Amino acid sequence: MTTVFTHALVPLALGAALDRRMVSGRLLVAGAVCGVLPDADVLSLQFAVARGSLLSHRGFTHSLGFACLLGVLAAVLAPQLRARRGAAFGFVFLSTLSHPLLDMLTNGGSGVALGFPFSSERVFFSWRPILVAPISAARFFSERGWRVLQSELVWVGLPLAGLALLIWLWRRGRSPAPDTSIS
């Protein structure tokens, strides 16, 4: 898995690039939470859930079905998120879906049950450049954890920052120039 920081970074970068009228502060926070939420399934390690089951790590919560479920919940809660229903669904769906897609780029762990409910097969991308993060805090705060953060910066952080900047510049170039005439 990638770290909690990187999972939250995708929705934050997307929100920074989009119009504030589309992504309110509340929706941005919901997207960041939903970008991290699939890893709540690590609790399955405490309850002896069979590895590879849909309730184990990288199972149901790392799927299209889960992302869709959270997107629908966001659409229902759109007024509280200060967003239109379609924007709430789309932003939360993409924020949640970014999580398993990032995990599929890591070089370790089990595959992701991305296709659930249509398939329970665990999958990875064929190209996996991101170092897998340790689950335990003790192992994270070590030389290995530092290497993981560097890997995530190179393969996720910098490309996201560049993409967000390009989208922001494109949007800025499309907005009308302010009227500076004196009447």
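Numerical summary
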quantity	calculated
Qualifying positions in segment 124-144 - farther than 17 Å from LEU105 by Cα and either among the polar types (S, T, N, Q) or assigned to a helix (DSSP H, G or I) (or both)	SER136, ALA137, ALA138, ARG139, PHE140, SER142, GLU143, ARG144
Hits in segment 138-151 (condition: farther than 19 Å from LEU45 by Cβ, small (Gly, Ala, Ser) and more than 21 Å from the chain's Cα centre (by Cα))	SER142
From HIS62, HIS57, HIS99, residue being of a type outside the set (A, V, I, L, M, F, W, C) and more than 25 Å from LEU160 (Cα to Cα)	HIS57
Neighbours by Cβ (under 6 Å, 6+ apart or cross-chain): first from segment 1-21, farther than 20 Å from ASP41 by Cα and free of Cβ contacts under 8 Å to residues at least 40 places away in the same chain; second of a type outside the set (Lys, Arg) and surrounded by fewer than 23 Cβ atoms within 10 Å (Cβ to Cβ)	LEU12/ALA32
Conditions (1) farther than 18 Å from ARG21 by Cα; (2) surrounded by fewer than 21 Cβ atoms within 10 Å (Cβ to Cβ); (3) under 18 Å from the mean Cα position of the chain (by Cα): number failed by VAL112	(2)
Filter result for the condition that a residue is under 18 Å from the mean Cα position of the chain (by Cα), surrounded by fewer than 17 Cβ atoms within 10 Å (Cβ to Cβ) and modelled with pLDDT under 90, over ILE135, ILE182	ILE135
Number of the exception - LEU97 against (1) at pLDDT below 95; (2) within 25 Å of VAL132 (Cα to Cα); (3) touching a helix residue (DSSP H, G or I) at 6+ places or on another chain (Cβ under 7 Å); (4) of a type outside the set (Gly, Ala, Ser)	(1)
Selection within segment 1-45 - assigned to a loop (DSSP other than H, G, I, E, B), out of contact with any Lys or Arg (no Cβ under 7 Å at 6 or more places or on another chain) and of a type in the set (Ser, Thr, Tyr)	THR2, THR3
GLY86, sole failed condition from (1) modelled with pLDDT of 95 or more; (2) crowded, with 18+ Cβ neighbours inside 10 Å; (3) not polar (S, T, N, Q)	(2)
First in segment 155-179 and outside any helix (DSSP H, G or I), second anywhere and at pLDDT 90 or above, Cβ under 6 Å, 6 or more apart	none
Complete set of residues in segment 119-132 that are more than 22 Å from GLY52 (Cβ to Cβ) and loosely packed, with under 12 Cβ neighbours inside 10 Å	TRP127
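Rundown of residues vs (1) over 15 Å from VAL4 (Cα atoms); (2) among the hydrophobic types (A, V, I, L, M, F, W, C); (3) touching a His at 6+ places or on another chain (Cβ under 9 Å); (4) surrounded by 16 or more Cβ atoms within 10 Å (Cβ to Cβ), yes/no style:
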residue	(1), (2), (3), (4)
VAL29	no, yes, no, no
PHE47	yes, yes, no, no
SER53	yes, no, no, no
SER56	yes, no, no, yes
PHE60	yes, yes, no, yes
PRO79	yes, no, no, no
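The values are calculated or read from the model by the stated rules, or taken from the named source; none is laboratory data. Given the structure is predicted, the values throughout are model-derived calculations rather than measurements. Please note: Cβ atoms are built from the backbone with ideal geometry, for glycine as well, and neighbour counts cover all protein chains shown.
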